[in-house]
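Any read-out appearing in this document is the output of simple, stated calculations on the displayed coordinates, not a laboratory observation. From a predicted model like this one, the values you see are computed outputs, not experimental measurements.
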Amino acid sequence: MSNETKVADESGVDKGLIAMFLRMSPEERLRANDDAFRTILELRDAYRRQKADERGLE
Amino acid sequence: MPTGGRKQTSAGLSEVLVGLLEAGVDFILVGGLAAVIQGAPVTTMDVDIVHSQSPENIARLLAFLKSVEAVHRRFDDKLIELKEGDLLGKGHVLLATLIGPIDVLAVIEGGRSYEDLLEHTVDIDFRGHTLRVLDLKTLIELKKTSTDPKDKHRLPVLRETLRQLDEKYSRGEDKEDSEDE
């Protein structure tokens, strides 16, 4: 999202993102965090594998 | 993330909550996930709970944690198994399990225990169970005194979430959340 379309206050809080989360049910919010959790683990794993491959090529 | 040398499955943090609830453990969800459930758009990588230290509950919690092969979370690969005594003290027990990291806290900021926090919780109906969650207002109060940079960073987000939530309640919206309180 561009800076122009973000609705943030002086502290940089993205009010629109909060409003979006508040429209979800608690279960949906947990699922969103689970998805983020799994994605982060997957990306970290991919990063580690990439680094290991690079070290193998050296 | 250090996992005590153990690889966890691809389960999400919801599975940790379901496991605790199905095991009949008395706990209050605190920390980042408590904020997530109440609408704060933050991402957290572990489950923080404050548990009841009654002997029966310690036994239930220990049995559950053993079933998911909990070990102390460390920076090295040493596997240090959890013991009953770890759950009886007043400290924080940081664990890695097969289904995700769990922080088991006897007390949180200001030395507040499970019993102290009970009156500041909201009940969430979650997959057929009642999940007890520390309310956002109390979470903010506790985080105000925290020296953790992550908490300081999150505080404005939590405050704005509470502000919008209060606004929604006063307009009579967000029925599902307000019914849980």
Antiparallel content of DSSP bridges confined to chain B, in %, to 5 = 80
Kirkwood hydrodynamic radius of the stretch B:13-142, from inverse mean 1/r over distinct Cα pairs, in Å = 14.8
B:Asp77 to B:Ala59: extension gain in nm, 0.36 nm per residue of separation minus the Cα-Cα distance?
-> 3.8 nm
Considering the stretch B:29-93, what Rg and Dmax in Å follow from its alpha-carbon atoms?
-> 13.7, 37
Beyond 21 Å, what share of the Cα-Cα pairs of the stretch B:55-130 is found? Please give it as a whole percent.
-> 37
Flagged links, alpha-carbon separation over 20 Å, of B:Lys83/B:Lys150; B:Lys143/B:Lys168; A:Lys15/B:Lys168; A:Lys15/B:Lys152 = B:Lys83/B:Lys150; B:Lys143/B:Lys168
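Looking at the stretch B:112-168 from every direction and averaging, what is the projected area of its Cα convex hull in nm²?
Over every viewing direction, the Cα hull of the stretch B:112-168 projects on average to 5.0 nm².
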Can you pull the Kirkwood radius for the protein assembly as shown, inverse mean 1/r over Cα pairs, to one decimal in Å?
-> 19.0
